[in-house]
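Engineer: My structure is below; once you've seen it, I'll send some questions.
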Amino acid sequence: AYKRFSELLPKEERDNACSARVPKSRILMLPELRANPFQHRICHVFSTSDDGDDSMSFEDFLDMLSVFSDSATSDIKSHYAFRIFDFDDDGTLDRKDLEQLVNCLTGQGEESQLSTAEMEQLIENILEESDIDKDGTINLSEFQHVVSHSPDFARYGRFQR
Amino acid sequence: RDYQQADIKSLPGWKQRKRASSKSLKKFFNDVKELSSYLELWRHDIHSIEGKFGTGIQSYFSFLRFLVVLNFIIFLLMFSFVTLPSIISRYGVFNSSFAKISPKNIEPHCTVYNPNANKGLVYFYTYLKDLLSGTGFLEVTSLFYGYYTIDDAWVSILKYNLPLAYLLATFAYLALSLLWIIKRSVEGFKQNLVHDEDQFQSYCNKVFAGWDFCITDPNAARLKHRSLQYELKTDLEEERMKQKIADRTMKEKLRIYSLRIFINIIVIAVLSGCFYSIYRATVFSQENSNVSIRDDIRTDSSNLLVQYLPSIVITLANVIAPQIFSFLIRFEDYSPAFEIRLTLMRCVFVRLANIGVLLFSLWSQISYCATVECKACGYNYELYPCWESQVGQEMYKLMIFDFIIIIAVTLFWDFPRKLLVTHCSCKLVQWCGLQEFGISDNVLEIIYGQTICWIGTFFSPLLPAIATIKYFIIFYIKKISLIHTRKPAARPIRASSSNFFFLVVLLIGLVLAFIPLGISIAQIPSSKACGPFRNFNTSWAVVPATVLEFPAGLQQVLYGIASEAFAVPFFMVICLVMVYFIALAGAHKRVVEQLREQLVMVRFDPLSFL
């Protein structure tokens, strides 16, 4: 993992890779993130940078790889997945977050997005299935409950070795 | 991580050491697991397929790998317990010998068997023909049942009861296959049960767990986006469809039901047509081959086409019938998911029932008895002095033909089509486009081959080796065909439910294989001219004969277990246990519902719980 991290740094900074920060643009060139529609959110969530530029240090990089590996428990994965899906960072998944999530999934571009009526129907269905306390948003425990019943979550939520 | 480190520092010294040692032990186990995963067959290939094409297609290749390993183990089983002792005792290795007990109480005309083993100079064409149809020189090798005409093998002073070993090895490989498949499907079943029970959670599953993080290729990502969009749209449409169905009027319902009954009648007619043609083809093939008996020498004087006629008809039926079914089901107006499942079930039925009809027609030929002498033997001794070898030959031909067809389709259909699509820009060709990798079709193909292998192994003990090699080569053929000539399906099957579906159909194939084997072993008289069961009425008879040699006490125990006095209470106890578990499951479901309601109430009125 260290080797991969140091490959992302420009040549002159490679010696002190442990303390360097890799800018977001280089992180997004990783093969695992290149095709991922949540790439920006992933960088934002795992980055501990103070200036908000979403750059990642080696520790952040390790965090990201460990969460997406086989040995992470489903609790950890679902916790981070919740943070990734929470587009406005308010601690709950409300309708706008869900709408942005679905748009990310179906792809960029006008013709690949669902129509307004379909989006409404879909969001209604999702909230009906997962919103236990019927407050119109999904909080962390509801999310973890729903994801624990989901058979594909563990299978899909990992990077290839 | 910071919390973990702070936690560690707060522990006393000896606990720290214990934790450090358990961590290093964990790391050691991880290393061992990683090393042993390198030994896994095709690990890298399947990972790369997963990355490029998603987990749905990857599950097909994992399934293929599972079959390769299963067939190899079955081959090892049969080889070490049946073939190896026969070969050792025939060639006298390790001071061994074999004993052929001359049959008592059996008409002499039943025991005449002179396979034409092509002694002397033969044309190369005859050699090739024999290789493809299992006759001639292949018939007397250890490939077929007829080779094992040994009653006991002696190694120094140890006696090896070959007939019993043959039968027990057959039961062993069937039981092994059954247990292994059940073990693999239990996990999928648990997931499927949860998935089906919480049918109302399927949207969350698709949205929150929909993106496959293994995808690294931008093309694959684009396809995944499209497939997710398609899946969501289809689900929403299905929901609207359900609403529409609920709103149907009486008149419409009557019209639809009568249409469905009519179409089902057509489906049954198509199936009967297939079965009848297979029956006629088998009868024709058997009548026009192996028949001339001149001067007490059987000569196989048929050409390859007649020999392979049943296989050709079965393959044609397997190709045409699914097309007809998918055309017909459009008129039945079911919801999309049910449509797919029903078509799949019909295709499975066609494929597996075709094998059954073939075997049935073979048996009707074998047990057709007109003369008194024939009735004395129990089977048609003139045409089939060693009928197990004949059945083995049919299974061998089916397997070889299946293999040839798969190679031929890839070479002469997939690659030319790809060349045509890339180089020719006329509208019709572009509209046809590249073919998708139809997962269910391919899976049904290999399950059909595996069912043949299971049935055929009793009659041809080295057949699993051929099956192993066949699937090994098919893996590479399919992989190359996938990478170079296919576009991934727009409507992918989800990996979690597809694994379970493959194993269920495989299990159906295995259970279906039990039936012909059971009938051959227990009902049809074994041939008296060849094979290890010459001295017994049927193949099964060797087991009671062996039991009679046991000490009296053990015999009593065995009779007790097999009697009604034991079986009926045992069955009732099992029923009670099942009823208990079903009741427990129902109770748990009710508890979950109650807790759910309570959660909602807490939200609105927390004081009510104080």
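Every number here is computed from the coordinates shown, using simple stated rules; none is lab data. Being a predicted model, the structure only gives us computed values, none of them experimental. Reconstructed Cβ throughout: ideal geometry from the backbone, glycine too, with neighbour counts over all protein chains shown.
Engineer: When the distances between all Cα atoms of the stretch A:74-157 are binned every 5 Å from zero, what whole-number percent does each bin get?
Structural biologist: In order of increasing distance, the bins hold 3, 15, 23, 25, 21, 10, 3, 0 percent.
Engineer: Quick one: P(r) of the stretch B:237-280 from all Cα-Cα pairs, 5 Å bins, percents rounded to integers, in order of increasing distance.
Structural biologist: Answer for the stretch B:237-280: a P(r) of 5, 19, 14, 14, 14, 10, 9, 7, 5, 1 percent.
Engineer: Enumerate the calculated ³J(HN,Hα) couplings along the stretch B:564-579 in order (Karplus 6.51 cos²θ - 1.76 cosθ + 1.60, θ = phi - 60°), each rounded to whole Hz, writing x wherever the residue is Gly or Pro.
Structural biologist: 5, 4, 9, 5, 5, x, 4, 4, 5, 4, 5, 4, 4, 4, 5, 4
Engineer: Taking K and R as +1 and D and E as -1, what net charge do the other residues with C-beta under 14 Å from the C-beta of B:SER86 add up to?
Structural biologist: 0
Engineer: Please tell me which of these pairs span more than 26 angstrom C-alpha to C-alpha: B:LYS183/B:LYS242; B:LYS52/B:LYS206; A:LYS3/A:LYS24; A:LYS24/B:LYS23; A:LYS77/B:LYS33?
Structural biologist: Beyond 26 Å: B:LYS183/B:LYS242; A:LYS24/B:LYS23.
Engineer: Net charge within 12 Å of B:TYR368 by Cβ-Cβ distance, Lys/Arg positive one each and Asp/Glu negative one each, not counting B:TYR368 itself?
Structural biologist: Cβ neighbours under 12 Å give a net charge of -1.
Engineer: What is the sum of charges around A:HIS44, taking Lys and Arg as +1, Asp and Glu as -1, for the other residues whose C-beta is under 12 Å from the C-beta of A:HIS44?
Structural biologist: -3
Engineer: Based on the alpha-carbon set only, what is the convex hull volume of the stretch A:21-72 divided per residue, in Å³?
Structural biologist: So the per-residue hull volume is 74 Å³.
Engineer: Starting from the Kirkwood radius over alpha-carbon pairs of the stretch B:519-564, derive D by Stokes-Einstein at 25 °C in a medium of 0.890 mPa s and give it in µm² s⁻¹.
Structural biologist: Answer, rounded: 208 µm²/s.
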